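Right, one structure below, let's go through it.
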Amino acid sequence: MTTSAADSTAVKTTAPTPVAGEPGPVGVMAHRWTHRHLLDVDVLSWADIELLLGTADAMAEVVAKRRSAEPVLRGTNVTILMYEASTRTRVSFEVAAKRLGATVVNVSSAGSSVTKGESLLDTMRTLESTGAEILVMRHATSGAPYLVAREFGGNVINAGDGWHAHPTQALLDLYTMRRHLVAPADRGSGLPFLRGRKVAIVGDLLHSRVARSNLWTLTAAGAEVWVAGPTPLLRGYDAWGRSGVGGAADRRFTVTSDLAAAIGDADVVMTLRIQKERMASGLLPSLGEYASRFGITSERLRLAKPGALVMHPGPMNEGVEIAAEVANGPQSVITEQVANGVPIRMALLSLIAGTRSAA
Amino acid sequence: MTLAPGARGVELGGSSDIGRKVDLDISRAWLVDPGSGREGPADLVVRDGVLEAATWLDGADAEGIDDRGVVVAPAFIDLHAHFREPGNAAAETIATGLAAAAHGGFGTVCLMPNTTPSMDTPWLLAGLREKVAASGSPVRALAYGAATAGRASETLAPIGALADAGVVGFSDDGSPIRSATLLRNALAYAGMFGLPVVDHPEDATLTEGAEANEGLISTVLGLKGWPGAAEAIAVERDLAILAEVVREVPGARLHLTHLSVAASLDLVRRAKAAGLPVSCDVTPHHLALADEWLAGSRRFAWEALDAEGRGRDPWRDGAITAPPYDSSLRVNPPLRSAVDARACLIALVDGTADAIATDHAPHSLVDKDVEFGLAASGISGIETALGLVLEAVDAGQLALARAISALTTGPARVLGTRAPAGSGALVEGEPAHLVVFDRADRWTVIADALASKGKNSPLLGRDLPGRVLLTLVGGRLAYAP
């Protein structure tokens, strides 16, 4: 279903299946961004994604040439509200917002009245009354940004909510894959550019907002997606994989605890962080057992295609989910992922700024 | 006062003051009498609160009357409601709860003891009775006593003293009776008085931090899964204990409340077939709504099944029409799959489920208008119960007569000798306990339309069939528009 532009982001709609024959480069650039908030990637059409990636290309060029970007956020207050610790996401949003001329306010739960038990909505109202216009928020509870977006007068960008979604991470991951797997001349064709590509996501799927968001964007991009890990950490995914992302039969994915099958001939191997808390809750016997069976070592990486990309959303436990020599090896694009966070977030902020001036 | 003008009339003499005895003439309505198993066109006459005559119509008199318009039935009995006094009058008071019950067509409510403090001593019951009397409502408020002291699952509550004080059973609802030993002892002890232990079946080791029914929806939304096995395990445990206890204590009785998964209902079905003294209820929300509502679907559970009875993907169907994570949908047990909802309906149809109980759980905005995973569990449901059940009837999922019996004679049987005299039945010459509603008259659920202080309903903004026109309890007016 589709909804009107004004409220489309508040509704968790079916992400449209990529449609062959959508407009080419000209049409893509002519496509208009209508999402006031970005709470999840599930609302993004393929044209939205191409527009965002194309805008990020332009932002990356500006950054690379040390030119200054058009200050579309001059005079705009971007407040970054973090209820969970974050380094790369927070810094990346802050740099992106400042490059676009925004005034940036950082709020973290440790240094605010949040620790005194103030409700999320009260905190939001406080920030709004002190000038917040674009609210970038991270929260430990799935769905929290939807509550804020219901009441907030400005724009809400989800910087990670519980196990649910991490939209900008999935977009920068897709952007990173595109830079390596798609020739510049073929970018912006309007066609899903990961058709015929295999992407394996390995690790703790159960608790991963990065994996959930990547499933939406990677299947929208046409990738053949495999998810792998120890069975307790794959809980629930089998039914989703069989039904297909967004219920679309052409967006099914494969769920397995057979690591070799998952990464065999893969173009991309994405590993996820394994947290020590998982042992305490009885989901895994030990980190050592995880590393020995699911850790991405250089030996296992040879099962993937030669030159396959190795990705990780960070922070890493080297020696657990990924061997140090792989994380720092020639196939790793992990630091590039972090760097790509800036142009992606600049692109998102500028597109959202466009909805502000239109309103 | 004429409440439903036209050929089918409901004429209420005098004022609409709550609590007064009424004169009432109902002509050409559809009467459902679950006591006799009969339904059909009828006229009713009430004088000074007494049901003087209920006259079945036939031939030309009955022409043009069907079960799609004004329906008269015995006032409903709710086996499971939470009015928040003492302890949380901001969420509900006895008075607002009773008003809400009457608005929902209920003439009798059984209140759960998870107040603050817990209803685990007779003097707290005295306080409850004072508040009921002060409310002026004729709705009958019955009470469960706590099964364990402070509902802490450590020692037994004073079951005998509570029985003497008039409780209708014992429950730690809100929580399961975690200790199997205490459940066994509570069943045996309450069995001396022939009173049921009402268990909220949940294996807490499987539900720590759980947010949503485990399945496709919880996976896509990233909510911590609440497995159906958590309920089935507890049901199986309770039944195994009951089977042993009842050999020595013939009066022992177990009632399992708000069953929500197919596996639990199958266990109860088999236990009943084996002759165990067990009963159970299902809620309107568990039979009509499914977990896909958390994702923003707003179709009924029976609309979310394919021809083979398998659950459908709401994203595939384009059924997502509302924002996700509406905290009014957070409830314990959680909304289950459409397949489980169907199992609740089947259990009602085949009699495995004895009653429809609302689990009316009002909450204040402070506790509910927060992040989904932090929101208090519960749905304010006593005023929307009839509407949801009638949606199932309208959709052909449930016969009207069965829906009514599950709201009247079914719960009365669970209460046994402690059911209030005359409740759940239509008896000429006795004070009238009646609900009158119009199936064809839809009403919009908005916060101001709810008498309950709890506005935590996922149905806000939605139209429901079956506007209640009148609730009479003991011949006295409990509700009129």
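Every number here is computed from the coordinates shown, using simple stated rules; none is lab data. All values derive from a computational prediction rather than experimental measurement. Positions of Cβ are generated from backbone atoms using ideal geometry, with glycine treated the same way; all protein chains shown enter the neighbour counts.
Across region B:138-154, computed HN-Hα scalar couplings (Karplus, 6.51 cos²θ - 1.76 cosθ + 1.60, θ = phi - 60°) run x, 4, 8, 9, 9, 10, 8, x, 5, 7, 10, 4, x, 6, 9, 6, 10 Hz from first to last residue, x flagging Gly and Pro.
Normalised radius of gyration (Cα atoms, divided by 2.2 N^0.38 Å) for region B:75-424: 0.93. With a 10 Å cut-off around each Cβ of A:243-254, the average count of Cβ atoms from other chains is 3.
DSSP assigns beta bridges within the protein assembly as shown; of those with both partners inside it, close to 40 percent run antiparallel.
Proximity of backbone amide H atoms, modeled 1.01 Å from N, is registered between A:A102 and A:L73 at under 5 Å, excluding neighbours fewer than 5 places apart on the same chain. Peptides A:171-177, A:220-226, B:102-108, A:90-96 ranked from most to least packed, by the mean per-residue count of other Cβ atoms within 10 Å: B:102-108, A:171-177, A:220-226, A:90-96. Across region A:212-228, computed HN-Hα scalar couplings (Karplus, 6.51 cos²θ - 1.76 cosθ + 1.60, θ = phi - 60°) run 4, 5, 5, 4, 5, 6, 5, 6, 5, 7, x, 6, 8, 10, 10, 10, 9 Hz from first to last residue, x flagging Gly and Pro.
With no solvent and one point per C-alpha, what does the Debye sum give as log10 I(q)/I(0) for chain A at q = 0.10, 0.11, 0.12 Å⁻¹? Debye intensities relative to I(0), on a log10 scale: -0.59, -0.72, -0.87.
Put simply, the amide H of A:A159, placed in the peptide plane, has neighbours under 5 Å in A:M137, A:R138, leaving out anything fewer than 5 places away on its chain. Each Lys or Arg adds one and each Asp or Glu subtracts one; over the other residues with Cβ under 10 Å from the Cβ of B:W302, this totals 0. Considering only the Cα atoms of region B:363-481, their convex hull presents on average a projected area of 9.2 nm².
Amide H contacts of B:S16 (H built 1.01 Å from N, in plane; Pro and chain starts excluded): no residue 5 or more places away or on another chain comes under 5 Å. Size descriptors for region A:189-334 (Cα atoms only): Rg and Dmax, in that order, 14.4, 48 Å. When all alpha carbon pairs of region B:96-175 are counted in 5 Å bins from zero, the resulting P(r) reads 3, 17, 26, 22, 17, 10, 4, 1 %. For the protein assembly as shown, the mean residue ellipticity at 222 nm estimated from helices alone is -9000 deg cm²/dmol, where every DSSP H run of n ≥ 4 contributes -39500 (n - 2.57) and the total is divided by all residues, rounded to the nearest 500.
Counted by Cβ distance under 13 Å from B:G387, the other residues give a net charge of -2, where Lys and Arg count +1 and Asp and Glu count -1. With N as its number of residues, region B:414-468 has a Cα radius of gyration that, divided by 2.2 N^0.38 Å, comes to 1.57.
Inter-chain neighbour count for B:331-342: the average number of beta-carbon atoms from partner chains within 10 Å of each residue's beta-carbon is 0. Note on the protein assembly as shown: Kirkwood hydrodynamic radius from all Cα pairs is 29.0 Å, rounded to one decimal. Mean partner shielding of peptide B:221-231, defined as the number of other chain Cβ atoms within 10 Å of each residue Cβ, is 4.
Pairs of lysine residues in the protein assembly as shown that meet both criteria, 8 or more places apart or on different chains and Cα atoms under 20 Å apart, total 9.
To check you understand DSSP bridge types, tell me what percent of the beta bridges within chain B (both residues inside) are antiparallel, rounded to 5. If I count the DSSP bridges inside chain B, around 60 percent turn out antiparallel.
Taking a Cβ cut-off of under 15 Å around A:S286, the surrounding Lys, Arg, Asp and Glu residues balance to a net charge of -1, with basic ones at +1 and acidic ones at -1. Simple point charges give the picture: +1 on the Cβ of Lys and Arg, -1 on the Cβ of Asp and Glu, and for chain A a dipole about the Cα centre of about 360 debye. Evaluating 6.51 cos²θ - 1.76 cosθ + 1.60 at θ = phi - 60° for every residue in region B:331-339, the Karplus couplings come out as 8, 10, x, x, 4, 9, 6, 4, 5 Hz, glycine and proline recorded as x. Result for chain A in a Gaussian network model with C-alpha springs under 10 Å: among A:T126, A:T256, A:T219, the largest mean-square fluctuation is at A:T126.
Restricted to Cα atoms, region B:148-264 shows a radius of gyration and a Dmax of 15.5, 51 angstrom. Looking at region B:1-108, the GluC sites (Glu not before Pro) that sit in a DSSP loop and have at most 12 other Cβ atoms within 10 Å of their own Cβ are B:E63. Computed from the C-alpha gyration tensor, the three semi-axes of the ellipsoid equivalent to region B:243-346 are 33, 15, 8 Å, from longest to shortest. How tilted is helix A:167-181 with respect to the longest principal axis of chain A? Cα atoms for both, answer in degrees (0 to 90, nearest 10). Once rounded, one gets 60 degrees.
Among B:L388, B:L254, A:Q337, whose Cα projects farthest towards the positive end of the dipole of the protein assembly as shown, with charges put on the beta-carbon of Lys, Arg (+1) and Asp, Glu (-1)? Result: A:Q337, furthest along the dipole toward the positive end.
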